[in-house]
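In what follows, a single structure is set out as structure tokens and then discussed.
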Amino acid sequence: MQGSIEASELVLDSSVPAPAAPEAAGGEHHEEHPDLRVFGLLTFLISESLMFAGFFATYLILRGAAEVWPPEGTEVELLVPAINTVILVSSSFVIHFGDTAIKKNDVSGMRLWYAVTALMGAIFLAGQAYEYKTLGYGLTENVFSNCFYLMTGFHGLHVFVGLLLILGVLWRSRRPGHYSHTKHTGIAMAEIYWHFVDIIWIILFSLLYILTLF
């Protein structure tokens, strides 16, 4: 009887702390997990950088072994690529304005700058298509044309993917509260990818166009 009374008092004693619910504890632990999406993107970009580095090294080796570079009939034009370079480099500043805007909780400003970046990316791809159409030689003309189309085409594919990422950000931003100054990982990832595309193009432009003039 005495044991029953003590057990009842223990149950009714409000000073005894209740154990944490498993769901709450699990949820609290889940919130402490770091967001690995940006880390995953950076890992992917490192692997892509290594692939481009292989292209660059191969190009330089072939160029060094050739007596004439580029071979006759495969000269490159500088005007359109130079304009494209200005557009793409400028777009890196424009997309950063969008990232700055969302950190100030300015969703409309972010949309504007990202839309302008998307337009600049589309203009770049159109300029590249125009260049391909007017060059006068194709992929299989010689080793230079093979390198030229492979590297610029592969980079163009990355620009296209970046354009889709930016359009995806704009599409998702239609939902109220989807992006804010505390929730903008998708926006930051699109910006990082776009800067990567820009840096790769600067190297490509230097190798394929500027270096070819000397």
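Please give the contour-minus-distance gain from Ile203 to Thr185: 0.36 nm per residue of separation, less the Cα-Cα distance, rounded to one decimal in nm. Don't jump to the answer; show the numbers that get you there.
Values: separation 18, 0.36 × 18 = 6.48 nm, distance 2.76 nm.
The span from Ile203 to Thr185 would gain 3.7 nm if fully extended.
Here the scattering of the stretch 131-190 is modelled by Debye summation over its C-alpha atoms, one equal scatterer each and no solvent; at q = 0.13, 0.19, 0.23 Å⁻¹ the log10 of I(q)/I(0) is -0.53, -0.72, -0.89. Across the stretch 106-118, computed HN-Hα scalar couplings (Karplus, 6.51 cos²θ - 1.76 cosθ + 1.60, θ = phi - 60°) run 9, 5, 4, x, 4, 4, 4, 5, 6, 5, 5, 4, 4 Hz from first to last residue, x flagging Gly and Pro.
Relative to the Cα centre, the charge distribution of the stretch 99-189, modelled as +1 at Lys and Arg Cβ and -1 at Asp and Glu Cβ, gives a dipole magnitude of about 580 debye.
The 3J(HN,Hα) values that the Karplus relation (6.51, -1.76, 1.60; θ = phi - 60°) gives for the stretch 69-85 are, in residue order, 9, x, x, 4, x, 10, 5, 9, 8, 9, 5, 4, x, 5, 5, 4, 5 Hz. Gly and Pro appear as x. Counting heavy atoms of the protein chains alone, Ile202 has an accessible area of about 80 Å² for a 1.4 Å probe. Over the stretch 30-182, accessible surface divided per residue gives 57 Å², non-protein components excluded, 1.4 Å probe. Note on Lys183: lysines with a C-alpha under 20 Å away, same-chain residues under 8 apart excluded, are Lys103, Lys104. Restricting the GluC sites (Glu not before Pro) of the stretch 56-145 to loop positions (DSSP other than H, G, I, E, B) with no more than 10 neighbouring Cβ atoms within 10 Å leaves Glu67, Glu72.
For every other residue with a beta carbon closer than 11 angstrom to the beta carbon of Thr100, add +1 if it is Lys or Arg and -1 if Asp or Glu, then tell me the sum. Let's see the in-between values first.
Numbers: positive: Lys103, Lys104; negative: Asp99, Asp106, Glu191.
Surrounding charge for Thr100 is -1.
Accessible surface ranking for Ile83, Ile200, 1.4 angstrom probe, highest first: Ile83, Ile200.
Between rounded, prolate and oblate, where does the stretch 35-153 land on the alpha carbon gyration tensor, with a ≥ b ≥ c its root eigenvalues, rounded for a/c under 1.5, else prolate if a/b exceeds b/c? Note, shape of the stretch 35-153 comes out oblate. Qualifying trypsin sites (Lys or Arg not before Pro) in the stretch 54-117, where qualification requires a DSSP coil assignment and no more than 11 other C-beta atoms within 10 Å, comprise Lys104.
The values are calculated or read from the model by the stated rules, or taken from the named source; none is laboratory data. Fair warning: this is a prediction, and the values are worked out from it, not measured in the lab. We place every Cβ from the backbone using ideal geometry, glycine too, and count neighbours over all the protein chains shown. The accessibility values were calculated without ligands, DNA or RNA, using every heavy atom of the protein model including side chains. Shrake-Rupley method; radii C 1.70, N 1.55, O 1.52, S 1.80 Å.
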